Amino acid sequence: MDNAMPVDSELYVYGAAWCGLTYRLREYLMNARLPHEFFDIERDPKAGEFILAATDGRFPVVVVDRHVITDPTIAELQRVLAAHAILPRLRPPRQRPIETIVQ
């Protein structure tokens, strides 16, 4: 991994825009409101090289704080994120309008 792309950020996703598995992981991260960077291995030659070096070409790949996970399930990704203290950001509760009682 030393000669591949640097992975200094907290959360990266490497995959292909057409890949359903990549889409599923990115959708989870977006719904969990976890910022991440996406690298399309078909449009970014360095991302493609990283995938080849790190996983022999298998994707999607998620990099969490320099920890490389190949083709994780959502449950696997959640465990790794929790181990790195990266938790989903809860949406604030919906505010109910204050009702005025008229007598």
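Key figures
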{"quantity": "Tail beyond 14 Å, pair distance distribution of the range 11-83 (Cα, percent)", "calculated": "54 percent"}
{"quantity": "Within the range 11-83, percent of DSSP bridges classed antiparallel, to nearest 5", "calculated": "65 percent"}
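Just so you know, all these numbers are worked out from the coordinates, no wet-lab data involved. These numbers come from a predicted model, not from an experiment.
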